[in-house]
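Engineer: This is the structure I want to talk about, given as structure tokens.
The values are calculated or read from the model by the stated rules, or taken from the named source; none is laboratory data. No experiment lies behind these values; they were computed from the predicted model shown. Backbone-built Cβ (ideal geometry, glycine too); neighbour counts: all protein chains shown.
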Amino acid sequence: MKKFDLNIEEVLEDWEVYHALREIISNALDEQILSKTKDMEITKDGDRIKIRDFGRGLKYEHLTQKENQEKLNNPELVIGKFGVGLKDGLATLNRHKRDVKIKTKHGDITLEKTEKHGFDDIVTLHAIISDKASEPDFVGTEFSINPCSLEELSKAKSLFLIFSGEKTLDKTKFGEILQKKSEISNIYISGVKVAEEENFLFSYNITSMTSAMRKSLNRERTNVGRTAYTDRIKSILLASKDPVVAKHLVGDLEKFEQGTQHDELNWDAISVHACKILNSENVVFVTPSTLHQQNDLIDQAKRDGYELVVIPETINEKIQSITDFQGNSIRDLSQYRDEFNESFEFDFVSIKELTDSEREVFSHKNEILKLIGGKPKQVNEIKISETMRLDSSGFNAVGLWQPAENRIIIKRSQLSNLNLFAGTLLHETAHATSGASDVSREFELELTRFLGKTATKSGGLERS
């Protein structure tokens, strides 16, 4: 029998039995992953709890407090990197007067407080190593704790992602985004819970820690402050391109006006990122104001199979000058209208296809243009189309000036009476002669000039 001094002086007074179980379970999970052996087991036999892995077996030198190089080489896989966690767990169990037995092929281990070698006045916790293993062919390591209640075990298991039942929505190089199972979100580091959040949209498992996080991660690994992990959670979300995650985020944006959105959506970078992901889907981003002001355009988008996603004005401003991950402009109502118009094909109607009354109205085009001095040189042809593209406000346009083709296109419905046709023809001709767009000073001046000429002609005021 050998006595191995654990050299534990500082005892974590706040630790309960479940904290100690957490450290034992952590070691078992790490060994399972590193040795690529079958799943660890937790069983209950009366008042005794047994925690067993099927790895290489714990040796007494593993109880020294030093860096484990194998775990340091696999930081994204394991939970612990130092011997301190397991030693703290054993000391806690001893303080709570729990009987602990450790079984491996390398020897059986129990705990005992005894004099420190060479210093009879100092009593420390020792691991008592048997000369011979009770089961030389034993596979793995088994920790046996007695007594241990189901409540204590349940509290310990609740600290692990693997036992939480939380579904992974997406994995990134920084960590995982999890679908939380209750109103409370859990924050895990390498699968161990370190904090809870009451107003987060997701739970998170951080697998790549920053240096700042390592410094702030206290020895107890509980109640870690938000400032320690906020930047890493932002990195996880910004690295995600999963459309399901994006839909959750953007859906939560709709609560912005009521101020009931989750905390992640208070980070503008996350909201914009979600829009960039979701833009590859059949969506159109709208604001609360455009949702009620541009009904025709919105109805057209719905008919085309697009889903409307309501976002705050502040986020809408930020997506105006950016592209998504495929290099496409973010599709707000204005972008949707442009895309619609670019893909639009006119359904032209020949003169022969018009009804008699429509032909009668159309035949007055030259007389109408004479009111403003005749057909301008900019206009080569005037065509009729059954359908039209969308105008700047989202309405189905009734007329269009195409400078590249030097032609005016008028919707067939305008031939229902002469007033409609004349007004539309003069409106589009003003675009042709002014070279200006709607709601511009130049266009208004040209229309005013047309009105003056028309009034002069129709009123017989023109001088001979």
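Engineer: Using the structure shown, decide if residue 155 is farther than 30 Å from residue 261 by Cβ, within 46 Å of the chain's Cα centre (by Cα), of a type in the set (Lys, Arg) and surrounded by 13 or more Cβ atoms within 10 Å (Cβ to Cβ).
Structural biologist: Criteria met by residue 155.
Engineer: Now for a separate question. Go through the residues of the range 81-89 one by one and say whether even a single one is modelled with pLDDT under 80, part of a loop (DSSP other than H, G, I, E, B), of a type in the set (Lys, Arg) and surrounded by 15 or more Cβ atoms within 10 Å (Cβ to Cβ).
Structural biologist: yes
Engineer: Quick one: which residue in 358, 405 is surrounded by fewer than 16 Cβ atoms within 10 Å (Cβ to Cβ), modelled with pLDDT of 85 or more, more than 38 Å from the chain's Cα centre (by Cα) and not assigned by TED's automatic domain parsing to the domain that holds residue 267?
Structural biologist: Answer to the selection: 405.
Engineer: Do any strands (runs of 3 or more DSSP E) lying entirely in the range 91-191 carry at least 2 residues that are more than 27 Å from residue 248 (Cβ to Cβ), and which ones are they?
Structural biologist: Strands (runs of 3 or more DSSP E) meeting the threshold: 99-103, 109-116, 119-129, 141-146.
Engineer: While we're on this one: Report whether or not residue 283 is farther than 21 Å from residue 397 by Cα, modelled with pLDDT of 85 or more, surrounded by fewer than 19 Cβ atoms within 10 Å (Cβ to Cβ) and not aromatic (Phe, Trp, Tyr).
Structural biologist: Taking the combined requirement at face value, the residue does not satisfy it.
Engineer: How many residues are at pLDDT 90 or above, among the polar types (S, T, N, Q), in a loop (DSSP other than H, G, I, E, B) and under 57 Å from the mean Cα position of the chain (by Cα) when one looks only at the range 361-390?
Structural biologist: The total comes to 2.
Engineer: Can you name every residue in the range 223-266 that is modelled with pLDDT under 85, in a loop (DSSP other than H, G, I, E, B), outside the structural domain of residue 203 (by TED's automatic domain parsing) and not charged (D, E, K, R)?
Structural biologist: Within the range 223-266, 256, 258, 259 qualify.
Engineer: Looking at (1) in contact (Cβ under 8 Å) with a residue 60 or more places away in the chain; (2) not assigned by TED's automatic domain parsing to the domain that holds residue 100, which is the only condition residue 194 fails?
Structural biologist: Unmet condition: (1).
Engineer: Tally the residues that are touching a Lys or Arg at 6+ places or on another chain (Cβ under 8 Å) and surrounded by 13 or more Cβ atoms within 10 Å (Cβ to Cβ), restricting the search to the range 23-59.
Structural biologist: 13
Engineer: Please verify whether residue 129 is more than 20 Å from residue 16 (Cα to Cα), of a type in the set (A, V, I, L, M), more than 48 Å from the chain's Cα centre (by Cα) and buried (at least 16 other Cβ atoms within 10 Å of the Cβ), treating the condition exactly as stated.
Structural biologist: Taking the combined requirement at face value, the residue satisfies it.
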